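Comments concern the structure below.
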Amino acid sequence: MSGAHAASTDPSPLDPSQLRFLTKGVTPEEVAAVTAVLATAAAEAAAAARAARPQQGPDGWERTQRSLRRPLDGGPGAWRSFSG
């Protein structure tokens, strides 16, 4: 996998060239290790933030739908108690 392709498919926005090490003489292996740890921590934090979002409720269409009422029973004496 080429470096350009790896950078385009990597979901982590962490760029090792933007890291500044205060310790002198850091080896490329140490830079890679720190970058991997920070990228993993950032990915875990992003996943936790996505999981912490509240679940969405029903959409507008679902909220406006009422349950169907049962059919009106007509017949002799059915409306006798109606006082409207």
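The values are calculated or read from the model by the stated rules, or taken from the named source; none is laboratory data. Because the structure is a prediction, the values reported are computed rather than measured. With ideal geometry, Cβ positions are generated from the backbone for all residues, glycine too; neighbour counts draw on all protein chains shown. The protein model used for the area step is the full one, side chains on, heavy atoms only, and it has no ligands, DNA or RNA in it. Shrake-Rupley method; radii C 1.70, N 1.55, O 1.52, S 1.80 Å.
In table form, for the structure just shown:
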{"read-out": "Surface per residue (accessible, 1.4 Å probe) for segment 17-62, Å²", "value": "87"}
{"read-out": "Separation in nanometres of the label points that stand 7 Å from Cα toward Cβ, at residue 52 and residue 80", "value": "6.5"}
{"read-out": "Additional length obtainable on full extension of the chain from residue 73 to residue 23, 0.36 nm per residue less Cα span", "value": "9.5 nm"}
